[in-house]
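K.L.:
The structure that follows is given in the form of structure tokens.
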Amino acid sequence: MIFRLKRIFFGKNYTIGHLYNGDGKRLCDTLEPERKPSLTGSTRNSSNSTNLTNSKGCIPAGKYRVVVTYSPKFRRRLPLLERVPGFTGIRIHAGNTRRNTRGCILPGENREVGKVLNSRHWEEEIIRLIDNSHSPVWLEISDS
């Protein structure tokens, strides 16, 4: 199964996207940190990935394997994106504002500027879809 995240708005402090399931049906909206300038050359491949993680910008567009694992921080099972360049611990989890992201993807309904609502419901729905998938799960992220 391939989820698709299409980023549709890049604000000064946050990014809004639309999340689609494997059948191309729109599931929900997403909230991420703002987009930072592209990382190229030796900066991206630098061993100092801590600076990139601490930048709190949204992760690079790309295709990432997604697995559901236990998160000690959140004390529950959550989707984890694997092998995100320059980042570690990127998850899809409930939250409402940019302050809740720390680089992660918050699912929900973008009914207020800079926020997503009903996030816990969409977190649970995404986990259910992943758990019921009979094939590897991927998230393909594009900047529109």
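The values are calculated or read from the model by the stated rules, or taken from the named source; none is laboratory data. Keep in mind that what you see is a predicted model, and the values were worked out from it rather than measured. Cβ sites come from the backbone with ideal geometry, for glycine too, and all protein chains shown count toward neighbours. Side chains included, ligands, DNA and RNA excluded: accessible areas come from the protein's heavy atoms. Shrake-Rupley method; radii C 1.70, N 1.55, O 1.52, S 1.80 Å.
K.L.:
Please enumerate, by chain and number, the lysines with C-alpha under 18 Å from the C-alpha of LYS12, excluding those fewer than 8 residues away in the same chain.
P.N.:
List returned: LYS36, LYS56, LYS115.
K.L.:
Give me the accessible area of ILE59, 1.4 Å probe, in Å² rounded to the nearest 10.
P.N.:
ILE59 exposes around 0 Å² with every protein chain in place.
K.L.:
Right, here's the next one. I'd like the Karplus ³J(HN,Hα) series for the stretch 88-99: coefficients 6.51, -1.76, 1.60, θ = phi - 60°, whole numbers in Hz, and an x wherever there's a Gly or Pro.
P.N.:
Computed from phi, the couplings for the stretch 88-99 are 9, x, 7, 10, 9, 8, 5, x, 10, 10, 3, 4 Hz.
K.L.:
Under the Karplus relation 6.51 cos²θ - 1.76 cosθ + 1.60, θ = phi - 60°, what is the ordered set of whole-Hz ³J(HN,Hα) values for the stretch 105-118, x standing for Gly and Pro?
P.N.:
3J(HN,Hα) across the stretch 105-118, in whole Hz: 10, 9, x, x, 10, 7, 9, 10, 4, x, 9, 10, 10, 6.
K.L.:
Of all accessible surface on the chain at a 1.4 Å probe, what whole percent is carbon and sulfur?
P.N.:
Values: 3740 of 8000 Å².
Heavy-atom surface of the chain belonging to carbon and sulfur, 1.4 Å probe: 47 percent.
K.L.:
Could you compute the FRET efficiency for MET1 and VAL113, with r as their C-beta to C-beta distance and R0 at 30 Å, rounded to 0.05? The partial results should precede the final answer.
P.N.:
Details: r = 32 Å, r/R0 = 1.05.
Result of the calculation: an efficiency of 0.40.
K.L.:
Taking the mean number of other Cβ atoms within 10 Å as a proxy for protection, how do you rank 80-89, 4-13, 128-137 from highest to lowest?
P.N.:
Numbers: 80-89: 16.4, 4-13: 14.8, 128-137: 11.9.
Descending mean neighbour count gives 80-89, 4-13, 128-137.
K.L.:
Using the Karplus equation 6.51 cos²θ - 1.76 cosθ + 1.60 (θ = phi - 60°), what ³J(HN,Hα) coupling, rounded to whole Hz, does each residue of the stretch 127-144 give in order, writing x for Gly and Pro?
P.N.:
Coupling constants for the stretch 127-144: 4, 4, 5, 5, 4, 8, 6, 9, 9, x, 10, 10, 10, 9, 10, 10, 9, 6 Hz.
K.L.:
Moving on to the next point. Checking the cross-link filter: which aspartates and glutamates have an alpha carbon closer than 14 Å to that of LYS63, excluding same-chain neighbours under 8 positions apart?
P.N.:
Excluding near neighbours in sequence, the set is GLU82, GLU140, ASP143.
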